[in-house]
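*Asks:* First the structure, which I've put down as structure tokens, then a few questions once you've had a look.
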Amino acid sequence: MISTETKIWLSSPHMGGQEQKYVKEAFDTNWIAPLGPNVDAFETAIVDYLNEDVEVAAVASGTSAIHLALILLGVGQGDHVLCQSFTFSASANPILYQGAVPIFIDSEEETWNMSPELLEKAILASIDKNKKPKAIIAVHLYGMPYDASEINQISKKYDIPVIEDSAEALGSSYLGIKCGTLGDISILSFNGNKIITTSGGGALITKNKNLKKKAVHLATQARDDAPHYEHSKIGYNYRMSNVVAGVGRGQMEVLPERVRQRRRNYDFYKKNLSEIDEISFLEEPAGSFSNRWLTTILLDSYHSREQLRQELLMENIESRPLWKPMHLQPIFKSAEAYTNGVSQSLFEKGLCLPSGSNLAEEDLFRITNLIKNTFLK
Ligand SMILES: *Cc1c(COP(=O)(O)O)cnc(C)c1O
């Protein structure tokens, strides 16, 4: 029987306080229709935070931002797209929306993200078949930056653009450069369990003004300049609404605090679980700064991972296995993949611990005491 103690969630929304003020403004001015002052202000807040010469388009979700990025890069029917295998399915699904062909790339052990070595191998194999890939989708999983120096160098060498999936990494940085500004096109997600949320939403980021204009055009049904409705391209209804953007404005005000709180969780777990030999943590490589969106641990076997997950569940504490790699997913079983066993092993032995920025210290003690009881008895 599951304990009647209060449920501890993996990662739940955490409002800052000002969100309702901006939503109320939208109501008071009747800016309920899509677009409006909150969308502009939310986009500006993201630009200010990223502190780069970037253009931001707020959209309906991270998934729609990836879809738009692929369209903007000219990815279509039959084109090859190289995608990190160790990720959430939303990184890869838009490749199929375009009728393109995903090729999955396994991870390296340092960051758990795309292996540059396998990436180059896959590029050479595609070029050999006269099918140079059209895009690379690299992911900062759980907030840990991928090896952007290596990935960008390969991207330059073969002239293949990078779509940076920064859905989990707002607040992270690589060599002092903010995640979300490291790709040719980058995306963010504001889904309910991300480090900040608009209840649902995303953003597309580019350094090219014209590309932002094109993204917004496609995201608003691709209406041509005419008094009637004229369409020369297929459009999408992907823009963020002005009500939702009000939530985003409030959340941007507390983002630095959210990063501190998530990192505090990681530090707490690491310190309090250090005596357990069966558990290890993912460290930041030199030059990387992770927002620690979720604290992830590795157990010594699939068996101990499942045992721990069940024990937490019985105490009404939500935890979750790491993402199941795309090359092991039924929907992608016929896709080509360059593997080295790393992501499969992470999937088998890894667990995400509760990581919300709203966890109280007593919640954290409840979790670590239970884990200690499981392993040190
Ligand atoms: C959440 C997430 C997405 C998708 O974002 P949505 O806003 O949920 O559509 C894409 N990639 C990764 C790695 C994610 O975690």
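*Asks:* Report, by residue number, each residue of the stretch 238-284 that is among the small types (Gly, Ala, Ser) and part of a helix (DSSP H, G or I). Talk me through it step by step, then tell me what you get.
*Replies:* First, the residues of the stretch 238-284 that are among the small types (Gly, Ala, Ser): 241, 245-246, 248, 250, 274, 280.
If the condition is that a residue be among the small types (Gly, Ala, Ser) and part of a helix (DSSP H, G or I), then ALA245, GLY246, GLY248, GLY250 are the ones that fit.
*Asks:* Does GLY143 qualify as being more than 9 Å from the ligand (Cβ to nearest atom) and touching a Gly at 6+ places or on another chain (Cβ under 8 Å)? Give the steps one after another, and end with the answer.
*Replies:* Values: more than 9 Å from the ligand (Cβ to nearest atom): yes; touching a Gly at 6+ places or on another chain (Cβ under 8 Å): yes.
Taking the combined requirement at face value, the residue satisfies it.
*Asks:* If the requirement is being free of Cβ contacts under 8 Å to residues at least 40 places away in the same chain, closer than 16 Å to LEU70 by Cα and not assigned by TED's automatic domain parsing to the domain that holds SER288, which of these qualifies: ILE234, ILE205, ILE151? I'd like the intermediate steps shown before the answer.
*Replies:* On the way: ILE205 fails: free of Cβ contacts under 8 Å to residues at least 40 places away in the same chain; ILE151 fails: closer than 16 Å to LEU70 by Cα.
Result of the check over ILE234, ILE205, ILE151: ILE234.
*Asks:* Residues that are in contact with a Cys (Cβ under 8 Å, 6 or more places away or on another chain) and more than 14 Å from the ligand (Cβ to nearest atom): does the stretch 110-118 have at least one?
*Replies:* no
*Asks:* Would you confirm whether any residue within the stretch 353-360 is more than 19 Å from the chain's Cα centre (by Cα) and either assigned by TED's automatic domain parsing to the domain that holds PHE104 or surrounded by fewer than 21 Cβ atoms within 10 Å (Cβ to Cβ) (or both)?
*Replies:* Within the stretch 353-360, one or more residues are more than 19 Å from the chain's Cα centre (by Cα) and either assigned by TED's automatic domain parsing to the domain that holds PHE104 or surrounded by fewer than 21 Cβ atoms within 10 Å (Cβ to Cβ) (or both).
*Asks:* Let me ask something additional. Out of curiosity, is SER3 of a type in the set (S, T, N, Q), more than 25 Å from ALA135 (Cα to Cα) and crowded, with 18+ Cβ neighbours inside 10 Å?
*Replies:* Working: of a type in the set (S, T, N, Q): yes; more than 25 Å from ALA135 (Cα to Cα): yes; crowded, with 18+ Cβ neighbours inside 10 Å: no.
So SER3 fails the test.
*Asks:* If you check every pair at least six apart or on different chains, which have Cβ atoms under 6 Å apart with a residue in the stretch 90-113 that is free of Cβ contacts under 8 Å to residues at least 24 places away in the same chain first and a residue that is more than 12 Å from the ligand (Cβ to nearest atom) and of a type outside the set (Gly, Ala, Ser) second?
*Replies:* Final answer for the pair search is GLY99/GLN77.
*Asks:* Scan the stretch 152-178 for residues that are over 23 Å from ASN358 (Cα atoms), of a type in the set (A, V, I, L, M, F, W, C) and assigned to a loop (DSSP other than H, G, I, E, B) and report the count.
*Replies:* Total satisfying the criteria: 2.
*Asks:* If a residue must be in contact with a Lys or Arg (Cβ under 8 Å, 6 or more places away or on another chain) and over 18 Å from TRP31 (Cβ atoms), how many such residues does the stretch 225-250 contain?
*Replies:* Residues in the stretch 225-250 being in contact with a Lys or Arg (Cβ under 8 Å, 6 or more places away or on another chain) and over 18 Å from TRP31 (Cβ atoms): 4 in total.
Yes/no matrix, rows are residues, columns are (1) in a loop (DSSP other than H, G, I, E, B); (2) more than 16 Å from the ligand (Cβ to nearest atom):
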site: THR197; (1), (2): yes, no
site: LYS213; (1), (2): no, yes
site: LEU218; (1), (2): no, yes
site: ALA226; (1), (2): yes, yes
site: TYR229; (1), (2): yes, yes
site: LYS233; (1), (2): yes, yes
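*Asks:* Right, next: Among the residues of the stretch 126-138, are any in contact with a Cys (Cβ under 6 Å, 6 or more places away or on another chain) and touching a residue at least 60 places away in the same chain (Cβ under 8 Å)?
*Replies:* Within the stretch 126-138 (the criterion being in contact with a Cys (Cβ under 6 Å, 6 or more places away or on another chain) and touching a residue at least 60 places away in the same chain (Cβ under 8 Å)), the answer is yes, since at least one residue qualifies.
*Asks:* Among the residues of the stretch 116-147, what is the count of those that are in contact with a strand residue (DSSP E or B) (Cβ under 6 Å, 6 or more places away or on another chain) and under 24 Å from LEU298 (Cα atoms)?
*Replies:* Selection size over the stretch 116-147: 6.
*Asks:* Okay, next question. Give, as residue ranges, the strands (runs of 3 or more DSSP E) completely inside the stretch 51-151 that count at least 3 residues that are more than 19 Å from LYS324 (Cα to Cα).
*Replies:* It comes to 55-59.
*Asks:* For the structure I just gave you, tell me whether ILE205 is buried (at least 22 other Cβ atoms within 10 Å of the Cβ) and assigned to a loop (DSSP other than H, G, I, E, B).
*Replies:* no
The values are calculated or read from the model by the stated rules, or taken from the named source; none is laboratory data. No experiment lies behind these values; they were computed from the predicted model shown. In this analysis, Cβ positions are derived from the backbone assuming ideal geometry, glycine residues included, and neighbour counts consider all displayed protein chains.
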